[in-house]
1. Can you list residue pairs whose Cβ atoms sit under 7 Å apart, with the first residue in the range 68-84 being in contact (Cβ under 8 Å) with a residue 12 or more places away in the chain and the second being open to solvent by 60 Å² or more (accessible area, probe 1.4 Å) and among the β-branched types (Val, Ile, Thr)? Count only pairs 6 or more apart in sequence or on different chains.
2. Residue check: is Val14 in contact with a strand residue (DSSP E or B) (Cβ under 8 Å, 6 or more places away or on another chain), in contact (Cβ under 8 Å) with a residue 60 or more places away in the chain, among the β-branched types (Val, Ile, Thr) and in a loop (DSSP other than H, G, I, E, B)?
3. Any residue at all in the range 65-83 that is among the small types (Gly, Ala, Ser), closer than 19 Å to Arg28 by Cβ and at pLDDT 95 or above?
4. On the basis of being outside any strand (DSSP E or B) and modelled with pLDDT of 95 or more, does Arg37 make the cut?
5. Which of the following residues is among the aromatic types (Phe, Trp, Tyr) and not in a strand (DSSP E or B): Trp110, Trp89?
6. Considering only residues that are assigned to a loop (DSSP other than H, G, I, E, B) and either of a type in the set (Val, Ile, Thr) or at pLDDT 95 or above (or both), which ones fall in the range 115-124?
7. What are the residues in the range 74-89 that are more than 16 Å from Arg56 (Cα to Cα) and either open to solvent by less than 40 Å² (accessible area, probe 1.4 Å) or not charged (D, E, K, R) (or both), if any?
8. Count, please, the residues in the range 39-96 that happen to be in contact with a Gly (Cβ under 9 Å, 6 or more places away or on another chain) and farther than 18 Å from Gly152 by Cβ.
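The values are calculated or read from the model by the stated rules, or taken from the named source; none is laboratory data. This one's a predicted model, so the numbers in the text were calculated from it and none came from an experiment. Positions of Cβ are backbone-derived with ideal geometry, glycine not excepted, and every protein chain shown enters the neighbour counts. Protein only, heavy atoms only, side chains kept; ligands, DNA and RNA dropped before computing areas. Shrake-Rupley method; radii C 1.70, N 1.55, O 1.52, S 1.80 Å.
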Amino acid sequence: MWQYTGDVRPDFAVEPTEGQESVWDYPRPPRVEQDPRRIEVICNGAVVADTRRAFRVLETASPPVFYLPVADIKMEYLEPARGSSHCEWKGRASYWKLHVGKAVIDQAAWSYSEPSAGFEVIAGFLSFYPAKVECRVAGQRAKPQPGGFYGGWVTPEIVGPVKGEPGTGWW
């Protein structure tokens, strides 16, 4: 069985071309970086969020996850949802339910009110699941990270394979 050592991109990883990023070049533990591109979240025709002040979290084998500041989200569409989860890196996540017109999407977004050390900059920021709402990065619609659990935003600039695809359960 292959195991990632963190120093060399594995043989099965897609080689990025100019303007692309390999998820196998992202660090472990993950890194948080500011992203000045326009990030939009749309549901049922309504713009739920629009920002150029997002952060993205980059973790080996996973597509980026974008976190948006509450000031740039129409919070009137959101309410706290049931449940929580724990990330080994970021800590305890809380979920958000989205209401836009007749659309009601449970756990459409999540946030970390008190993230772990190293991730403090995303405290109170929200991320949305591209499988549940339309998420755009610089005008490009993001596809959801495969597998149904993770919230990564797959855009054309990202090459993998990524965690969640068939056969990646042991990553």
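1. As it stands, the answer is none, since no pair meets every condition given.
2. On the way: in contact with a strand residue (DSSP E or B) (Cβ under 8 Å, 6 or more places away or on another chain): yes; in contact (Cβ under 8 Å) with a residue 60 or more places away in the chain: yes; among the β-branched types (Val, Ile, Thr): yes; in a loop (DSSP other than H, G, I, E, B): yes.
Criteria met by Val14.
3. Filtering the range 65-83 down to residues among the small types (Gly, Ala, Ser) leaves 71, 81, 83.
Checking the rest, the ones that are also closer than 19 Å to Arg28 by Cβ come to none.
No, because not a single residue in the range 65-83 is among the small types (Gly, Ala, Ser), closer than 19 Å to Arg28 by Cβ and at pLDDT 95 or above.
4. Here the answer is yes, as Arg37 does meet what is asked.
5. Residue meeting the stated conditions: Trp89.
6. Pro115, Ser116, Ala117, Gly118, Phe119
7. Met75, Tyr77, Leu78, Pro80, Ala81, Gly83, Ser84, Ser85, His86
8. Final tally of qualifying residues: 7.
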